[in-house]
Structures are given as C-alpha cells and as structure tokens.
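The values are calculated or read from the model by the stated rules, or taken from the named source; none is laboratory data. Predicted model, so just to flag it, every value in this text is computed and none were measured. Counting neighbours? That spans all protein chains shown, and the Cβs are built from the backbone with ideal geometry, glycine included. Please note that ligands, DNA and RNA were not included when accessible areas were found on the heavy atoms of the full protein model with its side chains. Shrake-Rupley method; radii C 1.70, N 1.55, O 1.52, S 1.80 Å.
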Amino acid sequence: MDTKKPSTPAPRWSRRQESIRLALVGGMPLQIGFALRRILYRSLFAQMGSSPYIQTGVEFTRAVYMELGDRVKVLRDVRLDCADASSKISLKNDVCLDRGVDIKAQRNCQIEIGESTYLGAYVCIAGPGSIRIGKDCLIAAQSGLFASNHTFDKLDIPIRKQEPTFKGIVIEDDCWLGTGVKVLDGVTIGKGSVIGAGAVVTKDIPPYSIAVGVPAKIVGTRTANADREPLMNVSVE
C-alpha cells in the first residue's frame, strides 16, 4: 500500500469557522441549497471536481484535507472526518456515498475510494491504518472496514489506552461485498471477488474468489469454465 503522506494545505478557516459555514447551508433544502453548497464547499475542500451532488445533513470535519473528483454524490447524513494534516480522504470520479456512510481518517491515515465505486447506506470505514478501495466496487449496506487492532497484553492498563496496531486494508477493483460484511485490518481482497452477506474477512482473498462465512472461507471462483457448474445460491445482499 502506498503510505506516502499527502501534501499539507494551509487551512483556510479554523475548525470553528468551518463548522459555522457548513451549518449555514448544510440543511438548506431544494435547488437553492444544492447551489449554495457547491459554491461554499468548493472553498472548503483541498480539491473538488465538477458537478458535485451533496444532500442535506452531511458533516465534513477538516474538509481542507479531503479531495472530491467529478460527479461525486454524497447523500444525506454522511459523515467524513479527517484528524489533521497527516490524514486524507480522497473520493475519485463518480463515487457515490449512500445515506449515513461514516468515514474517519485518523492521524497518518489515507483513505481512497476509486472511480465509480458505490458505498451503501451506513457503511463504516475507519483507520489509523490506510484503506484503499478500487474502482467499480459495490459495498452493500451496513458493511465495515476497520484498519486497526487494540493490543491487550498489559493487564494494569485499560485496553482503550493501549497502543493500537494497524497494517491497512486494500479492496481491489470490481469487488462486491454483500450486506453486513466486515473486513479486518491487514486484509487484501483481490480483484473481482465476491464476499457473501454477513461474512467476516480476516485473511487475504485471492482475485475472482467467492467467499462466505465467519470467518470468511473461499467456496468458489468466478472463473468456472464450461466443464463446471458456476456457484449458485450464494447470498450477497
């Protein structure tokens, strides 16, 4: 995974000033609200492409460390949060974040979502470990990608105060994660893979695999030839 830190733009406004400006137009309905958000948000973000579509109730924290490509759609109640100048959230062209998506980039964390990828309602993505999702991916509702683990070897220190460990997560191009899938730290899901609903992915998944269960196990591939029946009846929604 590319761990190169992003360049550090100078904040245009303080966090307080950012919050006030977002509050003024964040809940404004109808076309006038869309128009005003486009104007204001363009001055908030490190980069914003053409024709963004941002609905009401969206919350951005430290938008100066975020990049939005062309035609990005951000629906109601989405929350994007960058910790500081060492973190970054990048949404490439034609990304769609459905209602309630929550993305949090902690210190030294870069989160990138590739072109034409869709994140379903209430998907949660968080690191301090960096997370990269490729292009043309479908990640269904209530799924979670968590690039962090807590150490718990010291009995005299609460677990929440012990140092986390993290390696990062990679979801390669053209993957489909069903409803409620959880992907844990250190995992790479190979190109073209399908992960069944409710699976917990704890280990790498090779390209074009079909995996289901807790923990997720490979039960087939998408490369079945004419001599084999393709895998059927795998729940992915």
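Applying the criteria of a DSSP loop state and at most 14 other Cβ atoms within 10 Å to the GluC sites (Glu not before Pro) of the range 60-164 yields no site. Modelled spin-label separation between Q47 and Q162, with each label point placed 7 Å from Cα along the Cα-to-Cβ direction: 4.0 nm.
Taking only protein heavy atoms and a 1.4 Å probe, the accessible area of the range 34-116 is 41% carbon and sulfur. Applying both filters, DSSP loop and at most 11 other Cβ atoms within 10 Å, to the chymotrypsin sites (Phe, Trp or Tyr not before Pro) of the range 133-204 gives F152. Taking 28 Å as the straight-line reach from the Cα of K88, the lysines in range (excluding those fewer than 8 positions away in the same chain) are K4, K5, K73, K104, K135, K161, K167, K182, K191, K203.
Extending 7 Å from Cα along the Cβ direction at D70 and again at V219 yields two label points whose distance is 4.1 nm. Heavy atoms of the protein chains alone define the surface here; on that basis the range 79-237 has 49 Å² accessible area per residue at 1.4 Å probe size.
If you plug the beta carbon distance of K154 and D84 into 1/(1 + (r/R0)^6) with R0 = 35 Å, you get a FRET efficiency near 0.85.
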